[in-house]
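Enquirer: Below you will find the structure I want to go over with you.
The values are calculated or read from the model by the stated rules, or taken from the named source; none is laboratory data. Predicted model, so just to flag it, every value in this text is computed and none were measured. When we count neighbours, we look across all protein chains shown, and the Cβ atoms used for this are built from the backbone with ideal geometry, even at glycine. All accessible areas refer to the heavy atoms of the entire protein, side chains included, with ligands and DNA or RNA removed. Shrake-Rupley method; radii C 1.70, N 1.55, O 1.52, S 1.80 Å.
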Amino acid sequence: MRNWWKGLAVLLAGATGGYFMAGTDLGRVLEERQAEALGSLASRYVAEQVRPQLDASAAVKTVAGLNLIEVEVDRFQGNILRATGVANTYLVQTPAGNLLFDTGLSTQAAQHKRLLQKAAPGPVTHIVLSHSHADHIGGAKFWRAEFPNAQIIAHAKFRAGQQYLKALQPHFWSRNRLLYPFMPEEPPESGFAAYGGLTPDVEVADGTVHRFILGGVAFEALPAPGAEGEDNLVLWLPQQRALFSGDFFGPLFPMLPNLFTLRGEKFRDPVAYVASLDRLIALRPQMVLPSHFDPVVGEERLVADMQAMRDATAYVHDQTVAGMNAGKSLWALMREIELPPELALSQGHGKLSWNVRGIWEHYSTWFHFESTTELYPTQVRDLYPELATLSGGAGPLIAKAWQRLDQGQPEAALHFIEIALAGEPQNEAALQARLDALRQLLQRAVAEGGNHSETGWLKSRIQATEQALGAEA
Ligand SMILES: [Zn+2]
């Protein structure tokens, strides 16, 4: 059913081979057009899958909504162009050549490239990459095929980031597919669309600035670790007071940072993030151009929002540390710590209680000093089938679960349900109770601001439970 995904992978792989074999501009352009046609098909398919899943508040900016953004080009401050999509590709036009900031998803890259080149012809001399995530570097190989001398500028930790994401690609891919079932079964393994293999020509280390002038336009590439990883690099145009922020602020500006990612990846250091925010606040930008969604204009508003993000991050960090020192349990802190009203930022991407846990375990690891059993691989889950027998089978457990559900305690209910299902995996009443618990959790998550990862996970589990129930019926 999703065979054309495979077609896309094969074609994009072929695109590279064809180009190098043919070695002509015509061959490359033909292959770009084929990649664009299949990429557009992929984007449309994903948008169709996502549209009905969007919450009633779809008018509100959500991360899932990124898939509905049409690819087109717009212009800012005269010389800055943007190709829109799931992620943006920016182009800064100068008389001495053009610079790119981020290159979007590989499936949208050929279209980005064609539209940007039409609007701003001329050679590309620099490609600045904000970090090693696939939605930001996916077009780099397309551009380099035409401009092999374009200098790639990235953070000094970019290569290490790319390396670990590539090494663990099967692991992360299977997790992402569980959350987003519309993704192809396997990642493309060769050609322009394959993840990885980029070697920056300029690596910018923390604490330094890479300054250059191109066609009279001054550029400063600034390391900004924290946020979406330790390899974040932003680009500052001091003459225009424009800040290309990549994912530094996350997709929803302003928001609580996403220190913990549900799909995996390394923890993001809040202390480094606060220091990076201090550095960027001091620039007092007039325009922030993020790599997702739209630019934000206005120094006063930008500085206030950045300051709120900085203070909220520091607050969560400091409260967690204080709680740890006061001997409070992690679980108590996950429940207790709340943002003060003046710092109540969106948790649509970063979730406060998950950040608390991330900070705790970042500093003190996963051993919570609560039980000897934490140290060994035998989990209480391994004993669920026997626990289910002891408690008289699924019936009493399901009754307990419903009691908790009636009291609005879906988390506790889920524990009872999991024990019941471990004994009898097909038990219809237990599956029905699980569906109810998941729906309660989803309702709560939406009411609390609709964290994209949490609602994505819950929707995926609801779908799996409905399927299991359908199979029972
Ligand atoms: Zn991104």
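Enquirer: Which of the residues belonging to segment 285-320 are part of a helix (DSSP H, G or I), surrounded by fewer than 20 Cβ atoms within 10 Å (Cβ to Cβ) and not small (Gly, Ala, Ser)?
Expert: Correct list: Glu299, Glu300, Arg301, Val303, Asp305, Gln307, Asp311, Tyr315, Asp318, Gln319.
Enquirer: For Tyr180, state whether it is among the aromatic types (Phe, Trp, Tyr) and modelled with pLDDT under 90. Break it down stepwise before answering.
Expert: On the way: among the aromatic types (Phe, Trp, Tyr): yes; modelled with pLDDT under 90: yes.
So Tyr180 fits the description; yes.
Enquirer: Now a separate question. Just wondering, is there one or more residues in segment 290-306 that are away from the ligand (no atom under 16 Å from the Cβ), of a type in the set (S, T, N, Q) and closer than 19 Å to Ala224 by Cβ?
Expert: Checked against the condition, which is being away from the ligand (no atom under 16 Å from the Cβ), of a type in the set (S, T, N, Q) and closer than 19 Å to Ala224 by Cβ, segment 290-306 yields no hits at all.
Enquirer: Output yes when any residue across segment 234-248 is closer than 30 Å to Gly449 by Cα, among the charged types (D, E, K, R) and within 25 Å of the chain's Cα centre (by Cα), and no when none is.
Expert: Yes, segment 234-248 has at least one match.
Enquirer: From the list Thr62, Thr125, which residue is polar (S, T, N, Q), open to solvent by 10 Å² or more (accessible area, probe 1.4 Å) and within 15 Å of the ligand (Cβ to nearest atom)?
Expert: One residue alone meets the criteria, Thr62.
Enquirer: Report the residue count in segment 440-469 for those that are assigned to a helix (DSSP H, G or I) and within 18 Å of the chain's Cα centre (by Cα).
Expert: So the answer is 9.
Enquirer: Scanning for something closer than 23 Å to Arg33 by Cα and in contact with a helix residue (DSSP H, G or I) (Cβ under 8 Å, 6 or more places away or on another chain), does segment 150-173 turn up at least one residue? Break it down stepwise before answering.
Expert: Our first condition is that a residue be closer than 23 Å to Arg33 by Cα; within segment 150-173, this holds for 150.
Now restrict to residues that are in contact with a helix residue (DSSP H, G or I) (Cβ under 8 Å, 6 or more places away or on another chain): 150.
Yes, there is a match, as at least one residue in segment 150-173 is closer than 23 Å to Arg33 by Cα and in contact with a helix residue (DSSP H, G or I) (Cβ under 8 Å, 6 or more places away or on another chain).
Enquirer: A further question follows. What tally of residues in segment 128-163 results from selecting those that are of a type in the set (S, T, N, Q) and more than 16 Å from the ligand (Cβ to nearest atom)?
Expert: 3
Enquirer: Would you confirm whether any residue within segment 205-218 is in contact with a helix residue (DSSP H, G or I) (Cβ under 7 Å, 6 or more places away or on another chain), away from the ligand (no atom under 16 Å from the Cβ) and open to solvent by less than 20 Å² (accessible area, probe 1.4 Å)?
Expert: Checked segment 205-218: no residue is in contact with a helix residue (DSSP H, G or I) (Cβ under 7 Å, 6 or more places away or on another chain), away from the ligand (no atom under 16 Å from the Cβ) and open to solvent by less than 20 Å² (accessible area, probe 1.4 Å).
Enquirer: Turning to a different aspect of this structure: Collect the residues in segment 193-204 that are open to solvent by less than 20 Å² (accessible area, probe 1.4 Å) and either touching a residue at least 60 places away in the same chain (Cβ under 8 Å) or not assigned by TED's automatic domain parsing to the domain that holds Ser245 (or both), keeping them in residue-number order. I'd like the intermediate steps shown before the answer.
Expert: Step one: filter segment 193-204 for residues open to solvent by less than 20 Å² (accessible area, probe 1.4 Å), giving 193-194, 196, 198, 200, 204.
Ala193, Ala194, Leu198, Pro200 - these are the residues of segment 193-204 that are open to solvent by less than 20 Å² (accessible area, probe 1.4 Å) and either touching a residue at least 60 places away in the same chain (Cβ under 8 Å) or not assigned by TED's automatic domain parsing to the domain that holds Ser245 (or both).
Enquirer: Moving on to the next point. Tell me, which strands (runs of 3 or more DSSP E) wholly within segment 62-153 include 2 or more residues that are among the aliphatic types (A, V, I, L, M)? Please lay out each step first, then the result.
Expert: Values: elements: 73-76, 80-83, 89-92, 98-101, 124-128.
Strands (runs of 3 or more DSSP E) meeting the threshold: 80-83, 89-92, 98-101, 124-128.
Enquirer: In segment 232-267, which residue that is within 13 Å of the ligand (Cβ to nearest atom) and charged (D, E, K, R) is most open to solvent (accessible area, probe 1.4 Å)?
Expert: Among residues in segment 232-267 that are within 13 Å of the ligand (Cβ to nearest atom) and charged (D, E, K, R), the one most open to solvent (accessible area, probe 1.4 Å) is Arg263.
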